[in-house]
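Colleague: Pasting a structure here, questions to come.
The values are calculated or read from the model by the stated rules, or taken from the named source; none is laboratory data. Owing to the predicted nature of the structure, the values given are computational and were not obtained by experimental measurement. Note that we place each Cβ from the backbone using ideal geometry, even for glycine, and neighbour counts take in every protein chain shown. For the accessible areas, the whole protein counts, side chains as well, though only heavy atoms, and no ligand, DNA or RNA atoms are used. Shrake-Rupley method; radii C 1.70, N 1.55, O 1.52, S 1.80 Å.
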Amino acid sequence: MSEESNLSRRKFLAKATVGIGGAITALIGIPAIIYVVGPVLKKEGDSGWMRIGPTSKVTPGTPTLFSIKIERETGWVTNQQDIMVYVYTDDGRNYAAMSNICTHLACRVRWIEERQEFFCPCHNGVFDKHGNVLAGPPPRPLDRFELKTENDEIFIKVG
Amino acid sequence: MLNRFSNWLDARTGWRNIWEGIFLRKVPKVNWLYTLGSASLFIVVNQVVTGILLTIYYVPNPDHAYDSVQYITTQVALGWLIRGLHHWGASAMVVLVFLHMLRVIFLGSYKFPREVTWFSGVVLFLVTIGFGFTGYLLPWDEKAYWATTVGTQIAGTPPVIGDVALRILRGGEDLTAMTLVRFFGMHVWVLPAILLSLVGLHVYLVIKHGISTTPKRGEIKHE
Ligand code: HEM
Ligand code: FES
């Protein structure tokens, strides 16, 4: 074989190696990414309307804490998850349901009766009884659940 | 641009020497049987990559092992593919490594100065078998459970040391959660650590000595 054809053969083989190697890498690399992120893209089940308790438990003017358990499928495990809701009413007719998850970085807020405000211990976030921000870093009022009352029972919509 | 960058990098790392030493070394005219070592190496890479991916969902605990494997195969996007590659790759690896060893035996490539290459190869073969043995238990289904019951029971048969060997393998008297975690630990930490260091040594030696030529009838070689 002449020197020149030897060289082009070598070049061809080098190109072929890189090409086939790249193809194999892509062939496993792309499925690998799909495999890793796949379950993340699945939508979590919607629980719909959940009964959380009687309206009689709520004293007008004071946020009252309700706690419900819902079942969530995570991977191959079904586990119970607690959802905490503060229900508030001024007049005993119109109710609002607020999540206890701080809108800053998701610590749990607590109603402090003496100070008449919600307090988040993580970075001193403070909310009033309607969930509006009074002080600290939280960027927006406490999140609300859709709520309805039927026969003196409170229902909220859990997404 | 690219050229300037590779010059810059070469001045600081000397990568070109290494690159040429690995890929541009001279090889004698040999046959296709000499590709079996590279084929083994390819499967090793496949097993490492797919194995790491499997650990993203797999749980080495009797309460979850079976379900997590089922989850991978039936729920995770392309999970069947990743598990399939690892599963069939495992069998392919045993076969390829064994054939590679046969070729080294039949062509006499284990002789001076390649004895250490051979020794490292012997351990690599044992490690490959170890991977198969420990990996088989991990899905924690009936087949896995009873195969490992039998396999570890065999280790218990020799006199004197048998009982201790069996207990060490199982992490106790019976096949339990203890067995599953230790097999998992072996399979994903201990054996890969041994395998990868030995593959490094093995391939280094192959490059250092160069590939042996095919023996020819009636030819005596003085090297
Ligand atoms: C994970 C397993 C192994 C890998 C990745 C591997 C890889 C390789 C590679 C890439 C080569 C050079 C190409 C070739 O000759 O095919 C080679 C050569 C060699 N292997 Fe292995 N090998 C493995 C297992 C073994 C086993 C089980 C033995 C023997 C017990 C062995 C003994 C040798 C010897 C003596 C050579 C030198 C051959 C020569 O210079 O002609 N290897 N190996
Ligand atoms: S998380 Fe509540 S204030 Fe930062």
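Colleague: Once phi is turned into ³J(HN,Hα) by the Karplus curve 6.51 cos²θ - 1.76 cosθ + 1.60 with θ = phi - 60°, what whole-Hz value does each residue of the range A:60-65 show in order, with x for glycine and proline?
Modeller: Each residue's phi maps through the Karplus curve to give x, x, 10, x, 10, 8 Hz.
Colleague: Something else: Do the sum for the protein assembly as shown: with -39,500 (n - 2.57) for every DSSP H run of n ≥ 4, divided by all residues, what is the mean residue ellipticity at 222 nm, to the nearest 500 deg cm²/dmol?
Modeller: Values: 11 runs with 191 residues, N = 382.
Helix-only estimate at 222 nm: -17000 deg cm²/dmol.
Colleague: For chain A, what is the relative contact order in percent, using Cα pairs closer than 8 Å and at least 6 residues apart in sequence?
Modeller: Working: 247 pairs, mean separation 31.9, N = 159.
Relative contact order for chain A comes out at 20 percent.
Colleague: While we're on this one: For chain B, how big is Rg over Rh, using alpha carbon atoms and the Kirkwood form of Rh?
Modeller: Details: Rg = 21.6 Å, Rh = 20.3 Å.
Expressed as Rg/Rh, it is 1.06.
Colleague: Please name the residues of the range B:35-76 whose accessible area, counted over protein heavy atoms with a 1.4 angstrom probe, falls by no less than 50 Å² between the chain alone and the full protein assembly.
Modeller: B:L53, B:Y57, B:Y71
Colleague: Okay, next question. Connecting C-alpha atoms closer than 10 Å in a GNM of chain B, tell me which of B:R12, B:R83, B:R182 has the biggest fluctuation.
Modeller: Of B:R12, B:R83, B:R182, the most mobile in the Gaussian network model is B:R12.
Colleague: Using Cα pairs closer than 8 Å and at least 6 residues apart in sequence, work out the relative contact order for chain B, in percent. It would help to have the intermediate numbers written out before the result.
Modeller: Details: 173 pairs, mean separation 55.2, N = 223.
In percent, rounded to a whole number, it is 25.
Colleague: I would also like to ask the following. Could you give the C-alpha radius of gyration of the protein assembly as shown expressed as a fraction of 2.2 N^0.38 Å, taking N as the number of residues it contains?
Modeller: 1.52
Colleague: Let me ask you something else. Keeping all protein chains in place, calculate the accessible area per residue for the protein assembly as shown (probe 1.4 angstrom), answer in Å². Walk me through the intermediate numbers first.
Modeller: On the way: 24300 Å² over 382 residues.
Counting only protein heavy atoms, the per-residue value for the protein assembly as shown is 64 Å².
Colleague: For chain B, set up a Gaussian network in which alpha carbons nearer than 10 Å are linked by springs, and say which option among B:P192, B:P158, B:P113 fluctuates the most.
Modeller: Maximum fluctuation in the GNM of chain B, among the listed residues, is at B:P158.
Colleague: May I ask for the angle, rounded to the nearest 10°, between helix A:3-41 and the longest principal axis of chain A, with both axes built from Cα atoms and the value confined to 0 to 90°?
Modeller: Result, in degrees: 10.
Colleague: So which helices of chain B fit the span-like rule, where a helix is a whole DSSP H run, its Cα atoms reach 30 Å or more along the axis, and its mean Kyte-Doolittle is at least -1.0? Intermediate results must be reported in sequence, preceding the final value.
Modeller: Values: long enough: B:79-106 (40 Å, 1.26); B:115-137 (34 Å, 1.47).
Within chain B the helices that satisfy the rule are B:79-106, B:115-137.
Colleague: Rounded to two decimal places and with Rh computed the Kirkwood way over Cα pairs, what is Rg over Rh for the range B:44-172?
Modeller: Details: Rg = 17.7 Å, Rh = 16.9 Å.
On the Cα set of the range B:44-172, Rg over Rh gives 1.05.
Colleague: Counting only protein heavy atoms and rolling a 1.4 Å probe, how much accessible area do B and A lose on contact, total for both sides, in Å² to 100? Each step should come with its number before you reach the end.
Modeller: Numbers: alone 14790 and 11010 Å², together 24300 Å².
Summed over both sides, the interface buries about 1500 Å².
Colleague: Across peptide A:70-78, how many C-beta atoms of other chains are within 10 Å of each residue C-beta, on average?
Modeller: Values: counts 0, 0, 0, 0, 0, 9, 12, 6, 0.
Across the residues of A:70-78, the mean count of other-chain Cβ atoms within 10 Å is 3.
Colleague: Quick one: order A:M84, B:M178, B:M101 from most to least accessible surface, probe 1.4 Å. Please list the in-between numbers first.
Modeller: Numbers: A:M84 70, B:M178 105, B:M101 45 Å².
So the residues, ranked largest to smallest area, are B:M178, A:M84, B:M101.
Colleague: Per-residue Cβ counts within 10 Å, from other chains only, averaged over A:8-18: what number is that? All intermediate terms of the calculation are to be shown ahead of the outcome.
Modeller: On the way: counts 0, 0, 1, 0, 0, 0, 2, 0, 0, 1, 0.
Average per residue, whole number: 0.
Colleague: Now a separate question. Once you sort the root eigenvalues of the Cα gyration tensor of the range B:1-67 as a ≥ b ≥ c, which label holds: rounded (a/c under 1.5), prolate (a/b larger than b/c) or oblate (the other case)? Intermediate results must be reported in sequence, preceding the final value.
Modeller: On the way: a/c = 4.83, a/b = 1.65, b/c = 2.93.
Taking the square roots of the gyration eigenvalues as a ≥ b ≥ c, the range B:1-67 is oblate.
Colleague: While we're here: Using only the alpha-carbon atoms, what does the range A:46-157 span along each of its principal axes? Please give whole angstrom values in decreasing order.
Modeller: 40, 37, 20
Colleague: Return the Cα extents of the range A:1-87 along principal axes one, two and three, sorted largest first, each rounded to a whole Å.
Modeller: Principal axes ranked by extent give 98, 27, 16 Å for the Cα atoms.
Colleague: Hey, any idea what % of the protein assembly as shown's accessible area is carbon plus sulfur with a 1.4 Å probe?
Modeller: Ligands and nucleic acids excluded, carbon and sulfur reach 64 percent.
Colleague: Still on this structure, I have one more. For B:I211 paired with B:N7, estimate the spin-label separation in nm (one decimal), with each label point 7 Å from Cα along the Cα-to-Cβ line.
Modeller: For the pair B:I211/B:N7, the computed spacing is 3.4 nm.
Colleague: Using the Karplus equation 6.51 cos²θ - 1.76 cosθ + 1.60 (θ = phi - 60°), what ³J(HN,Hα) coupling, rounded to whole Hz, does each residue of the range A:143-156 give in order, writing x for Gly and Pro?
Modeller: Coupling constants for the range A:143-156: 5, 10, 9, 5, 9, 9, 10, 9, 6, 6, 10, 9, 10, 10 Hz.
Colleague: Oh, and also: Would you mind telling me which residue in B:V123, B:V30, B:V44 has the biggest mean-square fluctuation in a Gaussian network model of chain B, where springs connect alpha carbons within a distance under 10 angstrom?
Modeller: Sorting by GNM fluctuation, first place goes to B:V30.
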